[in-house]
Amino acid sequence: MSSKEVKTALKSAREAIKNKEFKEALKHCKAVLKLEKNNYNAWVFIGLAASELEQPDQSQMAYKKAVELEPEQLLAWQGLSNLYEKTDQWDFQVELPNVYQKLVELYASSDKNKCYETIRKLSDIYQSDKEYLKLAKVWLQLLQLKEEEAVDKKELLQLWQQMTKLLSDCLNEEEKDNEIQQHLITAFEKTMVLMDPIPGEEHKIVSTDYVKCLSKLPQEEVKMKEACESMLSLYPNHSYPLEVLCSHYLKTGVQTEDAVSSFSRLLDLAPSSGLGHLGLGTKALQEGRYKDAIKDLAQGLKKMSSSTGWCNLAEAQFKMQRYSDSAVSCSQGLTVCASEDKELKVKLLKLKLEALVRSGGEKAADQALETFALIQDADKDPVLVTLKGRAYLNKGQVDHALKVLNDSFNVFLKAASQSPDCGEYYFLLGKLYWDMGEETRKDRSKAHTHLLKAAKLDPNLGCAFRYLGHYYREVANDRGRARGCYKKAFELDNDDAESGAASVDLCMEQDDMDTALAILQSVIEKATPGSAKWAWMRRGLYHLKVGEHQQATADLQAALRADPEDWVCWECLGEAYLNRRSFTAALKAFGKAHQLQPSSIYSVYQAAAIKQTLGKFKEAVAEYLQITAQQDYVPALKGLGECQLSLAKSLMEDCRDGGAIDLIQQAVQNLFRAVELRPDLSCLWKLLGDACTAVSNVSPNRAQVLMPAPLAGLDPNTKSHTLTQAQTLKVGERCYARALKLMSEVPSLWYDLGLNYFRQASLPCPTEGDQNSPSLLLEKAQQCLKKAIMMDSGNHSNWNALGVISMSEGLENFALAQHCFIKSIDVEPNNVVAWTNLGTLYLKKDNIELAHNAFKIAQSLEPLYVNCWIGQALIAEKVGSYDTMDLFRHTTELSTHMEGVKGYAYWVCSTVLDKSNRDSELYRYNIVQMNAISAAQVALSKYTERIQSDPVAFIMLGYLNEHLQLKRQALRAYQRSVELLQSKSSTEELAFALGNYGRALCTSGQLDEAVSVYNSTPLQELSDLTGLALAYCRAGLIAESINAYERALAVASTEKDKAYILTALALLQHRQGHVDSAKTLLFKCSMLKEPISESLLCLCALGLVHSDATLASAALTELLKQGSASGDVVEQRCLLTCALLALQGNYRAVQREASRAVHSNPGNPSLWALLSRVVPQYYPRKANGGAMAGHVACLSSMTQGKRALLYSGVNQLANGRHSGEDKHRNALRTMQRAVLLCPDDPGTWAGLMAACHTENTSCYLSGSAPCRQGLEQILMSVVSEKGVCIDRPLAQSLEGWVLQQAVTGLMLGGQLEQAEALCSQVLSVSPEHPAVLLSLRQVQCHRLLASSGGTVLPDSVLEQLNNAVIMNPTNLGAWHWLAEVYRSQGLLVQAVMAYRQSLQLASQLGMHSSQVASLLRLALLALGPCMAGVPGKDWTDLILEATTEVLKLDSSPMALLFQALLQYVTKMAARETRRLLERLVYVPSQEFPVTVVHVASWYLLRHLHTKNDQELMNVLLQHAKMNGDQRLLNFYSLVASSSS
């Protein structure tokens, strides 16, 4: 190849590269290289092409080959740089700086701009790789080029500034290169030379950076000082250069005049500068001015933390003997000390060790030993070992100290002889003697001698004076000298808490409170938060002692900040809170103290006492029991008894007498334990008397108290005895007498004793003997109260009690009583009790006006005091006011008072018995809205619990219980009233009670006892005779019942009573089968002047039972003429109307009638339940509405809701609502709730079984596995078990249905053998059960058809099946099944006959839905032959006949569909066909079933396609798209494709 060809090939390669045909370019280049191996351009082109083809290694090799051939040519170097830049390979990146360096050399002479650009790229690489020396050199190269180019001065300045910024990072590197530092200094110097103006803001910034740079270079100290001075001359107000200089002087420790000048100048510029203060403080330390040093160093360290500064501060504090502060400063210095500054760290540790040892105290000694362990090789340093020994001495561990010091006495003695003026060695010797063994402790003279010597040699050694104080206080018993020594020690060292506390304690012992407070005040003023605990606590206790509780609380809180774990301090704080009545805070404080010290009984006791004060008696009892379980602590036993007595009184207020007596008994036991320990305490005997007297409020037969034998006056060696109420009160009398014996001048004890006598006199059966007669006891009570008044005439309670006693039965000194009440009011005008008692006195004397005024004043004084309201109620009752019942009701709301309860119960019973005012506004308010019956029943139950001898109360309670359907409680109440009246001579009241008792027995099902009780009455009252008749009737004694009713008819005085009795006789006659007699009696009843609706209801029901629609209609018409009704009567009328409509065959009107009743009475849940009940039976199309009606009934009434829930579930079953459609509202969930609410109702279990069958059926239809298999037999057994509680015929029908349902479920699941086995099992128990036999035949037929593959059944089998169905004449489903068997065998005529038989049966039974089902099945059967094209009009006529009958009964979409299909078969192209089908297709959503709409849509499409009516087909298809009927769209596609 010639050179021309080479050029041509290179040109071709260039063109290929230009056209991005890189592979083609490679071919041309390789062709060139075959001839000319060292062709530079060819290698460059190969490198470029390989780079674009992502072959970096080949590209690199080509470029390097080109560079070797022509190293001074730019092209290959540029290509190599581009390759390295775009390829992320580490080896390429390593070589890239060399390439850039070469390019810089080549560009320097050719292209300056590219040279500058390359230099910048190279500098970026060096900067990222932290190769600062290379960076400096390349940047200098750039600056040299710029200077040669004579660029602008401003640009050069910018470049030098950039260089300073780039190289400044090298100062942060650990290894510092001097050459780089010189380049950086040069850059700063060049920058500052080029700066303009000077001085200026930019020059100031650069100068600051320059000084900062030099401060980091120790070898440039001279330049740094020069730069700082230069900058200060230019910017005298700028503090930074001074800060740099001060920092330098502090680091080097140089304290020359220049350094001091710098510190002072810095503080002049920045008074808050930490550096300045640290510098001056260090200078002061060196000069021995320790106070100034501490001040300046502390102020400087607040601004900036410095390990050197902390060390200097610690030294200064050590010199000032502030050892604790010195140790703290050392700790701070160690915290901030750099790890590499080991020398400073060791210095701080040694200083801290010595400071801790000198500060004394166990805690400081522990810290000293920890610090000793941190110092390396400390055991080799004798000084440090000595300090360790001293630390053990401070802890009091002399043995350890001796082991450490090894012959410490000789060491200290030798040290003392060598340094006879060193008081510290003598102190250590004295301390050793003080802390040594028993013998030395007995003789403290050696310790005293050495301590005195130490104090004389070093008067500033505070610890020596502290130990001298110990000696004078504990050994010499010289309080004065001890106080002086402690005072001196504390003056020398204000941090010596032990000396300060001892000094204050001695001052307080000597009653020198001023000095003690002065010391405490001086300490507290200097104390920081969280310190000086001893001072705060002692001052707090002082304030607590003098009654300044607020200040005591604040001081004790401050003490706790210093030591939150001091339980004693917490107890003191609790006392302070308690004294200022802050009970909750005190409770928390004592709780914290008990938490810290569980063994402290005082904390628990105070907590219990506070809870007792706050009225938390149950919690207080638990706390007291915790104490008494550990020891017999009298205050705790007293508090426990008080709390139990208070709890008993609160239970008595609620008439819970049994619990109250138990608590009183416990209180007596605990108080007796306290009395045994301290019989000299009057308060304990008084509390025992209170506990015994408290039993007077309860019923005598409940007041049986277990009393300790000594307290009961019996043999102390015997066990406790149970005392009666009177005996217990007698014990209380003796307890009060014992208390008076101890403190006879206490008026309250005479008051309590007087009340005890009064309570004894008030007992229904006082103790025997003349001395305990009521009159004598009342005189004693009167004398006691007079004695109390003589001692304390200003106590209104004493006057009031004397007045009550004076007006009581037996004394009845009303004048004295009035005087006492008035006197009590004079003493205390706001005396609600005295005003009420005065009103009671006036009421007793029949002075209504004065009584009303007195009660009114009492009400104004205390509106919540129940007695005054009872008085007003009694006045209202006496004058016949309408407000009487309301007033009595208000008394029961305020509290349970026996008089108020009985009055309210009486008025409630009276109002309820008066049936004439049931519709009045007053009755609705007082009885219904106020829930009076329940309230009165609860209150009267409490009354009879307290007062068990009042027969009238028990009669009223029984009546109220009857109203609330509490049959057992009513029976017990009536029984108790009879028992009480039988012991009295009141015949009339006993007869009334027996009548009520008999009625209760009859209601509860105890019929024989009821008959016996009624016969024990005179049987002169109508209620007794009718009650006896009802009891006979329920017992099955019809003849005796009729006889009793006839006797009652003779006694009846009103026409209404006679009507009721005649109605009852008619029912009994009908029960005996005398229908005509029953009708005659009912007609006779309706002819009375006052006819009753019940007789008409019975007459209507009689007509319905005997299918006499005329009689039922006439009776119902007469019933409706009586006007509007309410409650149960409305439901009965609606039910009878619906039954009559169903009897007449007007099934659609049944639902309408129930709906009309609901609309008229929307608040009646029974009507909603009735609507839900009739819908699935007579109008299943509205099953969704029926389910909603049941739901409304559930929400309206729990009683109706239980049954309505079952109706709602049946409606959902009728509507086909399963979980596949709605997971939340479906038949299964509803039936599950019904079973949960009514587990004893077999109907709910049967409904649950049907719901499970529905769920399984939906699973089979959807192709999924059923989830509820295997439940049939379980649910069947449950229904049989629960069916025992209902009527036997209904139970048998339900069991038959459940069996059929179970068999159907098993057959649906393919479990034919199990189904047959189930039927056989039932037949083994009931061989003649026709329904079971039918189910067995159905299963056997199904198995036969399945095994024979659908072959023809023999005639004998068909005959057996027919006989099985005939044996179940009322089973409509059986006839439907038989018809289906006939249809499967091709016996269409027999199938028609079976359907007609089911239709006739449904008509006879009045089953509307079954009639519709039979007709539709008959129409569907006939539609088959018509669709198959069987000739003849019989099947056509049968379809028309059946569908017409269905449409007469109800609107049926299925019947309309059958008619439309018949029209399609007979006249497919007719316009009527399209009209009938469109009527089914174009209907609102959910009005017709989806299946009906889809079938009609398919046939309408075929009709339109036959007529080729594309326009109407498009309308139909658009409608299908809107409703999501994808199957119709697919069908249209098939029809369209087949026609094309």
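Summary table below
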| quantity | calculated |
| --- | --- |
| Extension gain, Met1367 back to Glu1221 (0.36 nm per residue minus Cα-Cα distance, nm) | 48.6 nm |
| Whole-percent carbon and sulfur share, accessible surface of the range 1109-1172, 1.4 Å | 52 |
| Label point distance in nm, Gln58-Gln783, each placed 7 Å from Cα along Cα→Cβ | 13.9 |
| Positive-end extreme of charge dipole, the range 454-534 - chosen from Gly500, Pro459, Gln521 (charges on Cβ) | Pro459 |
| Spin-label model distance (nm) - Glu1511 vs Gln948, 7 Å beyond Cα toward Cβ | 9.8 |
| Efficiency of FRET from Cβ geometry, Gln551 and Glu226, R₀ 60 Å, rounded to 0.05 | 0.40 |
| Listed pairs Lys291/Lys345; Lys18/Lys65; Lys395/Lys446; Lys780/Lys878; Lys302/Lys592 exceeding 27 Å between Cα atoms | Lys780/Lys878; Lys302/Lys592 |
| Heavy-atom accessible surface of the range 1021-1081: percent carbon and sulfur, 1.4 Å | 50 |
| Proximal lysines to Lys1467, defined as alpha-carbon separation beneath 25 angstrom and excluding residues fewer than eight positions away on the same chain | Lys1433, Lys1448, Lys1507 |
| Sequence-distant lysines (8 or more away, or on other chains) whose Cα lies within less than 21 Å of Lys223 | Lys165, Lys176, Lys190, Lys204, Lys212, Lys251 |
| Entries of Lys1202/Lys1223; Lys431/Lys456; Lys1058/Lys1089; Lys453/Lys488 with Cα pairs more than 18 Å apart | Lys1202/Lys1223 |
| Full-stretch length increase - Asn1146, Asp511 - with 0.36 nm per residue and alpha-carbon distance subtracted | 217.5 nm |
| Separation in nanometres of the label points that stand 7 Å from Cα toward Cβ, at Glu1118 and Asp654 | 5.7 |
| Expected 222 nm ellipticity per residue - DSSP helices of 4 or more, -39500 (n - 2.57), all of the chain, to 500 | -24500 deg cm²/dmol |
| Listed residue (Val1130, Met1087, Leu1111) projecting farthest to the positive dipole end of the range 1067-1170, Cβ model | Leu1111 |
| Full-stretch length increase - Ser1451, Glu745 - with 0.36 nm per residue and alpha-carbon distance subtracted | 244.1 nm |
| For Ile1038, solvent-accessible area (1.4 Å; no DNA, RNA or ligand), Å² | 20 |
| Span from the the range 681-750 Cα centroid across to the the range 1152-1225 one, whole angstrom | 68 |
| Volume in Å³ per residue [convex hull over Cα atoms, computed for the range 1454-1540] | 85 |
| Residues of the range 1014-1051 with amide N under 11 Å of a point placed 7 Å along Cα→Cβ from His1074 | 1039, 1042-1043 |
| Rg in Å to one decimal, and Dmax rounded to a whole Å, for the chain via C-alpha atoms | 57.4, 164 |
| Listed residue (Leu1449, Gln1072, Leu729) projecting farthest to the positive dipole end of the chain, Cβ model | Leu1449 |
| Square roots of five times the Cα gyration tensor eigenvalues for the range 1319-1386, Å | 21, 14, 9 |
| Accessible area per residue, Å², the chain with all protein chains present, probe 1.4 Å | 50 |
| FRET E, pair Ala1039, Tyr882, Förster distance 51 Å, beta-carbon r, rounded to 0.05 | 0.55 |
| Apportionment of accessible area to carbon and sulfur, the range 444-581, percent (1.4 Å) | 48 |
| FRET efficiency for Asn477 and Leu625, using Cβ-Cβ distance with R0 set to 45 Å, rounded to 0.05 | 0.50 |
| Reach of Lys295 by Cα under 17 Å, taken over lysines that are not fewer than 8 positions away in the same chain | Lys283, Lys303, Lys319, Lys526 |
| Entries in Lys388/Lys487; Lys37/Lys64; Lys730/Lys902; Lys34/Lys86; Lys588/Lys686; Lys649/Lys730 that, when Cα-Cα distance is taken, lie over 22 Å | Lys388/Lys487; Lys730/Lys902; Lys34/Lys86; Lys588/Lys686 |
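The values are calculated or read from the model by the stated rules, or taken from the named source; none is laboratory data. Everything numeric in this text was worked out from a predicted model, so none of it was measured. Reconstructed Cβ throughout: ideal geometry from the backbone, glycine too, with neighbour counts over all protein chains shown. Ligands, DNA and RNA are stripped out before the accessible areas are found, and what is left, the full protein with its side chains, is counted by its heavy atoms. Shrake-Rupley method; radii C 1.70, N 1.55, O 1.52, S 1.80 Å.
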